Amino acid sequence: MLTLGIETSCDETSVAVYDPSRGVLSNAVFSQIDLHKAFGGVMPEMASRSQLERIAPVMRSALSDAAVTLEDITTIALTTGPGLPGSLLVGLCFGKAIAWARGKRLIGVDHHEGHAYSSFLENDVPFPHLCLTASGGHTSIHLIRGFGDYHTVSHTLDDAAGEAFDKIAKLLGLPYPGGPVIEQYARRVGFEDFFSYPRGKPEMLNFSFSGLKTAVLYDLVDRGAYDMKHRILLDSSELLKQQVASSLLVCVAAIFARKLRLALAEYPEAKAVTFVGGVACNRYIRRMLQSMCDDRGIRFFVPSPQYCTDNAAMIAFVGNYRAERGEVAGWNLDIF
Ligand code: KG4
Ligand code: ZN
C-alpha cells in the first residue's frame, strides 16, 4: 500500500515514497533556489518551467532511493494548492497522468495540511495538540484533534513570518531566501536584541508581520542607515546587518512564544506543541519554543529540516491517511 507523494507548489520539485508500516522510504527534492537568487524572490514563469524539466527525474530518484518501481505504488497523492498555478499544474498533470495510465488511486492534498502533519513523519504526536505553521506563505496556529480534524486558532492578517524574513533580508541586500541568512547573521552577534522592534498587540492571537517590516525600515531611516527617497541602504556594514538580523529573530521568536502561550491558555486540552514549515528550520526559534514548552511541562515536536521546508513526504503522509478512508479524488481533480 505504498503512496507516491508529489509536491510542486512553489520552487521545490519533490517526490516521496511512503509506506504506512515502515514510514518514509524516500524523499527526493530538487530546489530551484539558485535559479531565483538573482531576482531576490521566486519568478513564477521560471519556477513552472523548472518543475516541468525536473519532475520526471526527481520521481525516478525517489523510486530508486526507495528501491521500488511504479508497479509497487497504489496511491498517488499530489499537492493541489495553495501555490503558484503554473507550478501546481505540473504536479497535477504529471500525477494524474500516471494514476490514470497505471490504474492508481488519486488523492489531492492541501499543502498546509501537509505541513501540519509533517511532525508525524518522525514522531508519534499526541492529539489534541497545537501546531504552529510558519513558512514563506503562511503563519498560523491550529488545534489538531486528529487526522484531518483541525481547527484554526490564529492566522496572519497580512504577511507570513518567512515572507518578513525574506523581505527584510532583501532590504539589507542579503540573498533569497532570507530566513537562513538572517539566522547566520544573528548568530554572529549572539542572538541579542539590539533594536527592540515592536512585538505587536500583546493580547491578539492573530499574527501581523507587515508592521514589523515597516518598523525595521523606519528604524533604519532614523539611524541614517537607509535613504527612503532612493531606496538604498546607506550603511551596508556587516555589523548593522547582524544587529538587524539578530533583533528581528529575537522579535519573531518572542511573538511566536507569546501567541503560543495565549493559544495554550485558550486550549488547555492541548497535550503538545508542534512547530512546522520552512521557518521551523531556525534553530534559535526552536530553542526558544522548546524552553517555553519545557516551562509549562508541554511536549514539543519539530520535524528535521528536510521535512520543515517543502517536501513530498508530508504530502504522501496525508495522502496515505486520506486513501485509508477512501477519500479518493475523481479525474476532474484540479488545483486551487
Ligand atoms: O515551507 P517553505 O519551504 O515554503 C513555503 O511553503 O513557503 O518555507 C520557506 C520559508 C522562506 O520564507 C524562508 O526564508 C524560511 O522558510 N526559512 C527560514 C529558515 N529556513 C527557511 N526562516 C528562518 N530561519 C531559517 N533557518
Ligand atoms: Zn510550504
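So which pairs qualify, if the first residue must be in segment 130-147 and more than 18 Å from residue 286 (Cβ to Cβ), the second must be surrounded by fewer than 20 Cβ atoms within 10 Å (Cβ to Cβ) and among the aromatic types (Phe, Trp, Tyr), the Cβ gap must be under 8 Å, and the two must be at least 6 apart or on different chains? So the pair list comes out as 142/150; 143/150; 143/267; 144/127; 144/150; 145/127; 146/127; 147/321.
Residues of segment 308-336 that are assigned to a helix (DSSP H, G or I) and within 18 Å of residue 150 (Cβ to Cβ): 314, 315, 317, 318, 319, 320, 321, 322, 324. Of everything in segment 295-336 that is within 24 Å of the chain's Cα centre (by Cα) and of a type in the set (Asp, Glu), the residue that is surrounded by the fewest Cβ atoms within 10 Å (Cβ to Cβ) is 334. One residue alone among 246, 291 is assigned to a helix (DSSP H, G or I) and without any contact (Cβ under 8 Å) to a residue 12 or more places away in the chain, and that residue is 291. If you go through segment 153-192 and keep only what is in contact with a strand residue (DSSP E or B) (Cβ under 9 Å, 6 or more places away or on another chain), more than 16 Å from ligand 2 (Cβ to nearest atom) and assigned to a helix (DSSP H, G or I), you end up with just 171.
Scanning segment 268-309 for residues that are among the small types (Gly, Ala, Ser) and within 12 Å of ligand 1 (Cβ to nearest atom) yields 277, 278, 280.
Take residue 207 and decide whether it is surrounded by 20 or more Cβ atoms within 10 Å (Cβ to Cβ) and touching a Ser or Thr at 6+ places or on another chain (Cβ under 7 Å). When the stated conditions are applied, residue 207 passes them.
Rule-based calculations on the coordinates, nothing more; no lab input. Quick caveat: nothing in here was measured; it's all calculated off a predicted structure. Backbone-built Cβ (ideal geometry, glycine too); neighbour counts: all protein chains shown.
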